[in-house]
Amino acid sequence: MVVITQDAPGRRGLGLLLPSAISLGAAVLGAGVNLALAVLIGRAYGAAETGTFFAIIGVFLVAANTLKLGADTGLVRMLSRAVALGRPAQIVPTVVSALWPVLVVAGLVATIAYGGADALADALRPHDAARTASMIRYLAIALPLMAVFALATAVARGLGGIGAFALQQNVALPLTRLAGVLVAVWLGQSILVATQWWAGGLPVLVVVALAVAVRAVRRVPLTRADGLDQAPRPEPAPEAGVFAAFWRFSLPRAASAAIEIVLEWLDVILVSILAGPAQAGVYAVATRLVKVSSIADYALRVALSTRLSAALATGDVDAVRRIYELGTRLLVALVWPYLAVLLVFGDVAARVFGGDFAGATALVAILAGGMAVVAGAGSLQSVLLLSGLSRQQLTNKIVVLAVSVVGNLVAVPAWGARGAAVVWALAVLTDTTLAARQVRRRVGVQVGWRPVREIGPAALLCGFGSAVVFRGWLGPSVVAMGAAGIGALALVAVVWCWPDLRGGSGSRSGSRSGSRSGSHGGNAS
C-alpha cells in the first residue's frame, strides 16, 4: 500500500520512478501476453478469422467499458482526494456510490443481450447463427463481471495499491485470456469458441479483485506517514452528497470513456465492414504492434494518477508541472526508441504473425508517426481529467469521434487499411491539440517542447542507431529486433543518467526541473 504524502525534494524523482517502474513492468508483461495472443490467433486462424476475432472482441470491450459508466476513473480521483484531504469517512460511501449503479445498468444490458441473442446472431452471422448465439450469451454474462472487475481494481489503485492494480489488470487478466484461447486452439475449436474461452477466467478474477479491494479499504491510513495525526478537513457532505459529487464527475467521464473505447476499436470494425475481414486482420495486427508502446503511457498514468489528484486537490500547480514534465521525459525516453526500432524491423515484426500479414509494414510507418506525437505530449489526458474537467474531455472526444467516423467512411473505401491508419493519426493529433490548449488555459500547466528537446533527439538516435547496427550484424530476424530494442533502451538509460554519473549538480527529475518550473509558477497560476 502506498500512502499518499508530499515528497521531499530529493525524493520526487524516486517517488515517481518507483511506482512507474512497477506499473511499467506489469504493463510490459501484459503487452507481451497480448501480442502473443495476437500472434496465436493470426497463425492459427489466418487474416480473415483474425479480423473476425478482433471485431467481436472490439464490440465486447466497447460495451464493457461503457458499462463502467466512468466510475473506475471516478473512484481513482475521489478516493485519492479523500486520502489527500484527510477524509477517510468518505471512502466507503464513495465505493458504494460507484458500485450499485454500475451493477444495475450492466445487469440490465446483459439481460437484454442474453434474451436477444438469437435475433442478434441471425443479423450478424446468419450462416452460423447457432454458435454465434451461444457466443453472445456467454459474453453477455461476462459484461457485468468485467465492469465489477474494473471497479474493484480501481478501488485498490485509488487507495495507492498500484502494484495490486497492475498485477490484476496487466498480468492476471491477459494471462487468463491467452490461456483460454490456447485451450481452444489446442482442441481445434472455431474462432467463435476461442472468443468465448478468451473471457473464461473472469469469475475467478472478480473474486480475487473484490478481496483485494476490501483489504485496501480496511488498510486506509488514519495517520500521516510522519507519525502525526492527520487533521481531517471538514467533511463536506453525508453519503447522499458523496453520491452526487461522485456522479457529477463520473457521468461526463462515462461518455468520454465510451467514446475512447469506441475510438480504440472503431477503425478495426469499420475496416472489417468496408474493406473486408482480411484487411481488418492486417490492420489489427499493425495497430497492436504500434500500440504496444502505449503501455508506457498507461503505466505512467497509473503511477501518476494519485499524485496528480492529490496535488490538484491541494492547488499545488508547481507539483503538477513537475510531475507532468518528468512524466513526459520518461514517456519519450521509452516510446520513441521502440518506435524507431519498429520502423527498421517492420517487415520482421509483421512476419511473426504469419504470411498473410506482410501488408502491415506500410501501416506501421503511418501509425508510428501518430504515436510519437502522443508520447511527446505526455500525460495530458490525466492532467485534464484529474483536474475535474471531465466535461471538457467529453467535448474533445466528441470532436475526435466525428473526425474518426467521417474520415474512415471517406478513406477506407478508397484506400482500405492504409486510409484508416492516416485517419487514426489525424484523430490522435486532434485530441492532443485540444487537450494541450485546455490544460494550459484551465490548469495553468504549459505544454512546451522542453522535455522533448531534452531527451527526444537522444531517444531517436539510440533507437535508430541500435536498430541499424543489430540488423546489419544479425540480419532481419526476431533476435536482432529484440536485441536492438534492449540496446536502445540501455543507451537511453545511460543518456538519462549521464548528468548524475558525471556528478552534475542537478538531475533531470530533481533540482533542474524543479527550479525551472518554479520560475514559471507565477504565470502558470
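Residue 519: within 30 Å of residue 393 (Cβ to Cβ) and at pLDDT below 60, yes or no? Even if it seems obvious, please write down each step before you answer.
Numbers: within 30 Å of residue 393 (Cβ to Cβ): yes; at pLDDT below 60: yes.
Considered against the rule, which asks whether it is within 30 Å of residue 393 (Cβ to Cβ) and at pLDDT below 60, residue 519 comes out as yes.
Give me a count of the residues in region 160-201 that are surrounded by fewer than 22 Cβ atoms within 10 Å (Cβ to Cβ) and not in a helix (DSSP H, G or I).
Residues meeting the conditions: 6.
Which of the residues that make up region 103-159 are basic (Lys, Arg) and either free of Cβ contacts under 8 Å to residues at least 40 places away in the same chain or surrounded by 18 or more Cβ atoms within 10 Å (Cβ to Cβ) (or both)?
Here is the first cut: in region 103-159, the ones basic (Lys, Arg) are 125, 131, 137, 157.
Scanning region 103-159 gives 125, 137, 157.
Please count how many residues of region 467-480 are part of a helix (DSSP H, G or I), farther than 11 Å from residue 338 by Cβ and touching a residue at least 24 places away in the same chain (Cβ under 8 Å).
First pass over region 467-480, keeping only residues part of a helix (DSSP H, G or I): 467-474, 478-480.
Then keep just the ones that are farther than 11 Å from residue 338 by Cβ; that gives 468-474, 478-480.
Subsequent filtering for residues that are touching a residue at least 24 places away in the same chain (Cβ under 8 Å) retains 468, 471, 478, 480.
Counting residues in region 467-480 that are part of a helix (DSSP H, G or I), farther than 11 Å from residue 338 by Cβ and touching a residue at least 24 places away in the same chain (Cβ under 8 Å) gives 4.
Looking only at region 271-294, filter to residues that are touching a Ser or Thr at 6+ places or on another chain (Cβ under 9 Å), surrounded by fewer than 24 Cβ atoms within 10 Å (Cβ to Cβ) and not small (Gly, Ala, Ser); which one of those is modelled with the highest pLDDT?
279
Among the residues of region 40-52, write down those that are at pLDDT 80 or above and touching a Leu at 6+ places or on another chain (Cβ under 9 Å).
The answer is 40, and nothing else.
Residue check, residue 89 against (1) at pLDDT below 80; (2) of a type in the set (A, V, I, L, M, F, W, C); (3) in contact with a helix residue (DSSP H, G or I) (Cβ under 8 Å, 6 or more places away or on another chain), all met but one. Which one?
Status for residue 89: all satisfied but (3).
Among the numbered criteria (1) crowded, with 23+ Cβ neighbours inside 10 Å; (2) modelled with pLDDT under 75, which one does residue 314 miss?
The one condition residue 314 does not meet is (1).
Looking only at region 366-373, decide whether some residue is closer than 30 Å to residue 77 by Cβ, part of a helix (DSSP H, G or I) and without any contact (Cβ under 8 Å) to a residue 40 or more places away in the chain.
The initial filter retains those residues of region 366-373 that are closer than 30 Å to residue 77 by Cβ, namely 370-373.
Remaining after also requiring part of a helix (DSSP H, G or I): 370-373.
Retained after the next criterion (residues that are without any contact (Cβ under 8 Å) to a residue 40 or more places away in the chain): 372.
Checking region 366-373: at least one residue is closer than 30 Å to residue 77 by Cβ, part of a helix (DSSP H, G or I) and without any contact (Cβ under 8 Å) to a residue 40 or more places away in the chain.
Is it the case that residue 36 is under 26 Å from residue 157 (Cβ atoms), aliphatic (A, V, I, L, M) and more than 16 Å from the chain's Cα centre (by Cα)? Walk me through it before giving the result.
On the way: under 26 Å from residue 157 (Cβ atoms): yes; aliphatic (A, V, I, L, M): yes; more than 16 Å from the chain's Cα centre (by Cα): yes.
Yes: the conditions hold for residue 36.
Mind checking whether some residue in region 435-458 is in a helix (DSSP H, G or I) and within 19 Å of the chain's Cα centre (by Cα)?
Yes, some residue in region 435-458 is in a helix (DSSP H, G or I) and within 19 Å of the chain's Cα centre (by Cα).
Only one residue in 71, 26, 63 is hydrophobic (A, V, I, L, M, F, W, C), within 30 Å of residue 309 (Cβ to Cβ), buried (at least 24 other Cβ atoms within 10 Å of the Cβ) and at pLDDT 80 or above. Which one?
Details: 26 fails: at pLDDT 80 or above; 63 fails: buried (at least 24 other Cβ atoms within 10 Å of the Cβ).
Exactly one of 71, 26, 63 is hydrophobic (A, V, I, L, M, F, W, C), within 30 Å of residue 309 (Cβ to Cβ), buried (at least 24 other Cβ atoms within 10 Å of the Cβ) and at pLDDT 80 or above, namely 71.
The values are calculated or read from the model by the stated rules, or taken from the named source; none is laboratory data. Source: prediction; values computed, not measured. As a convention, Cβ positions derive from the backbone with ideal geometry for all residues, glycine included, and neighbour counts pool all protein chains shown.
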